[in-house]
Structures are given as C-alpha cells and as structure tokens.
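A quick write-up on the structure given underneath.
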Amino acid sequence: MPLIPSSYQPPYKIFRNADVATLYSALLRKVEGVSQIRERLELPDGDFMDLDWSYAQTSSDKCVIAFHGLE
C-alpha cells in the first residue's frame, strides 16, 4: 500500500504522540449518534473473531472494513 504524504498536524501538541491520541479516543472521547453492535464469529479451529459494526444516523450504502493485527 502506498504512503500518502500529509501536512496534517494535530491541533494540540500532545496529540502528536500516537499513543496519547489512541488512548484519548478509546477512553475519553464520546461520539453521539453512532450505535455499535459486536458480533462474534466462532472459527473451525476453536478460535474466534469479533466484528464491531457501527451505524450512523445518516443513511448511506457505503461500508468501510478495517483490519488490524491479523496474522
């Protein structure tokens, strides 16, 4: 996947640290108008995969799939 250069700088210097930005988003930031549903898929090898579905209040036929840490 190609890297796309960006000139974006977070509005506050503390958020230039990726760990701080991630923890803030996960623990302190609240987003209104989005509902989430977790679906667990049991795999044949006894493992599982959790899918988190997020739905916004606006109607759209678009879907975004983000994978992280799959091996």
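Nothing in this text is a laboratory measurement; each read-out follows from the coordinates by a stated rule. Everything quoted here is computed from the prediction, not taken from an experiment. Cβ sites come from the backbone with ideal geometry, for glycine too, and all protein chains shown count toward neighbours.
Points to keep in mind about this one:
- For the chain, size of Cβ-based charge dipole, Lys and Arg +1, Asp and Glu -1, in debye: 620 debye
- Ranking Y24, Y55, M1 by Cα position along the charge dipole of the chain, where only Lys, Arg, Asp and Glu carry charges on their C-beta atoms, puts Y24 farthest toward the positive end.
- Rounded to whole Hz, the Karplus (6.51, -1.76, 1.60) HN-Hα couplings of the range 51-61, x for glycine and proline: 10, 9, 9, 10, 10, 8, 6, 7, 8, 7, 9
- Prolate/oblate/rounded label for the range 1-44 (Cα gyration tensor, a/c 1.5): oblate
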